[in-house]
1. Within the range 56-73, how many residues turn out to be open to solvent by less than 10 Å² (accessible area, probe 1.4 Å), out of contact with any Pro (no Cβ under 7 Å at 6 or more places or on another chain) and not in a loop (DSSP other than H, G, I, E, B)?
2. Looking only at the range 6-39, count how many residues are modelled with pLDDT of 95 or more and open to solvent by 70 Å² or more (accessible area, probe 1.4 Å).
3. For the range 81-131: of the residues being of a type in the set (Ser, Thr, Tyr) and outside any helix (DSSP H, G or I), which is nearest to ASN57 (Cα to Cα)?
4. Would you mind telling me which numbered condition in (1) aromatic (Phe, Trp, Tyr); (2) open to solvent by 40 Å² or more (accessible area, probe 1.4 Å); (3) touching a Pro at 6+ places or on another chain (Cβ under 9 Å) PHE131 fails?
5. Within the range 41-79, how many residues are in contact with a strand residue (DSSP E or B) (Cβ under 9 Å, 6 or more places away or on another chain) and more than 20 Å from GLY153 (Cβ to Cβ)?
6. Taking the range 100-118 only, how many residues are farther than 15 Å from GLU90 by Cβ and touching a strand residue (DSSP E or B) at 6+ places or on another chain (Cβ under 6 Å)?
7. Between a first residue in the range 167-179 that is without any contact (Cβ under 8 Å) to a residue 60 or more places away in the chain and a second residue that is assigned to a loop (DSSP other than H, G, I, E, B) and basic (Lys, Arg), which pairs have beta carbons less than 8 Å apart while being 6 or more apart in sequence or on different chains?
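The values are calculated or read from the model by the stated rules, or taken from the named source; none is laboratory data. Predicted, not measured: the structure shown is a model, and the values here were computed from it. Glycine also receives a Cβ, built like all others from the backbone with ideal geometry; neighbour counts cover every protein chain displayed. Just the protein is used for accessible areas: all its heavy atoms, side chains included, with ligands, DNA and RNA removed. Shrake-Rupley method; radii C 1.70, N 1.55, O 1.52, S 1.80 Å.
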Amino acid sequence: MSENKKNHKKHNYTRKYAKDFNILTILYQFYALYILFIPFSMLFYSIKLRKNKQKLNAPYIVAPNHISYFDPFLATLASGLGIAYMAKKELFEESNYVAKNISRLGAFAVNREKLEVSTIKSAREAFKAKFSLCIFPQGGIRKNKKIEAINKGFVVLAKMVKVDILPVSITGVEKYNWNIFKRQKIEISVGNPISYLEEEDDIIENWRKQVSSMSNYELA
C-alpha cells in the first residue's frame with residue numbers, strides 16, 4: 001500500500017474540533033465561492049438571492065432542499081461564509097485529494113444511515129466556533145421538484161445541540177446548463193427560522209411547507 005493511501009486511511013474525517021473551524025476555513029470558502037464557483041457559474045447561470053428581511057442571529061442549522069452538486073456553494077451564499085457541512089462519508093473515501101479539500105472547506109464525514117456520536121460532537125464544535133452547519137434534510141439529490149423523503153436527523157441534531165433551523169430553497173439547477181449563450185436562472189430563498197423547541201413533526205412540517213412555498217415544489 002502506498003504512503004499516500006496509508007495517510008488517507010489514518011485520518012479521521014468524522015471528527016472535528018472548534019479549532020478546525022477558523023479563519024483559514026473562511027478564507028478557503030471565500031476562494032472556492034467567490035474566486036472559483038461564482039465566476040465559472042456566471043458563464044452559464046444568473047443567480048438571484050432572496051434574503052430574509054428579519055434579522056438573523058447565527059449560528060443556525062442551514063437546511064436547503066437538495067437538487068445539484070452546486071448546492072453547498074449556493075447554501076453558503078444564502079447563509080454567508082463561516083459554515084460547516086455534513087457530507088456523506090463516501091465522498092471522503094474517493095481519494096485523499098478530495099477528502100483533504102472538502103475537509104478544508106469545513107466539511108466532515110457522516111453516516112447517512114444513522115446519527116452517530118462523532119457527528120453530534122463535531123456539530124457542537126462547529127457551533128462553539130460560531131459556524132453555522134449545512135444539512136440537506138432530503139439526504140440525496142432530488143431533481144423531481146418534490147419535497148419528499150425527509151430524514152428527521154436534522155431535527156434530532158437541532159434539539160441535541162439546541163440550535164434553530166434556517167430553511168433555504170434552491171431552484172434552477174434541476175438540469176445543468178452548459179449553454180454559454182442562454183444563461184439559466186438559479187433562485188435561492190431564505191425562510192423564517194424554526195425553533196428547535198417545537199415538536200419534531202411540527203419542525204419537519206414547517207420546513208416542508210416553507211421550502212415548498214419558496215420553491216413552488218410539490219409537497220409529497
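1. Taking the range 56-73 first, the residues open to solvent by less than 10 Å² (accessible area, probe 1.4 Å) are 61-65, 67-68, 71.
Pick out the ones that are also out of contact with any Pro (no Cβ under 7 Å at 6 or more places or on another chain) and you get 61-62, 64-65, 67-68.
Of the ones still in play, those that are also not in a loop (DSSP other than H, G, I, E, B) are 61-62, 64.
Adding up the residues that qualify gives 3.
2. Matching residues across the range 6-39 total 10.
3. In the first step, residues of the range 81-131 are kept if they are of a type in the set (Ser, Thr, Tyr); the result is 85, 95, 97, 103, 118-119, 122.
Restricting the remaining residues to those that are outside any helix (DSSP H, G or I) gives 85, 95.
Numbers: TYR85: 19, SER95: 37 Å.
Only one residue fits best here, namely TYR85.
4. Checking PHE131 against (1) aromatic (Phe, Trp, Tyr); (2) open to solvent by 40 Å² or more (accessible area, probe 1.4 Å); (3) touching a Pro at 6+ places or on another chain (Cβ under 9 Å), the one that fails is (2).
5. Within the range 41-79, the first condition is being in contact with a strand residue (DSSP E or B) (Cβ under 9 Å, 6 or more places away or on another chain), and the residues that meet it are 41, 44-52, 56, 58-68, 70-72, 74-79.
Filter once more, so that each one left must be more than 20 Å from GLY153 (Cβ to Cβ): 41, 44-52, 56, 58, 68, 70, 74, 76-78.
Counting residues in the range 41-79 that are in contact with a strand residue (DSSP E or B) (Cβ under 9 Å, 6 or more places away or on another chain) and more than 20 Å from GLY153 (Cβ to Cβ) gives 18.
6. Final tally of qualifying residues: 1.
7. LYS175/LYS143
Yes/no per residue for (1) modelled with pLDDT under 95; (2) of a type in the set (Gly, Ala, Ser); (3) under 24 Å from GLY80 (Cβ atoms):
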| site | (1), (2), (3) |
| --- | --- |
| ALA129 | no, yes, yes |
| ASN151 | yes, no, no |
| VAL156 | yes, no, no |
| VAL161 | yes, no, yes |
| GLN210 | no, no, yes |
| ALA220 | yes, yes, no |
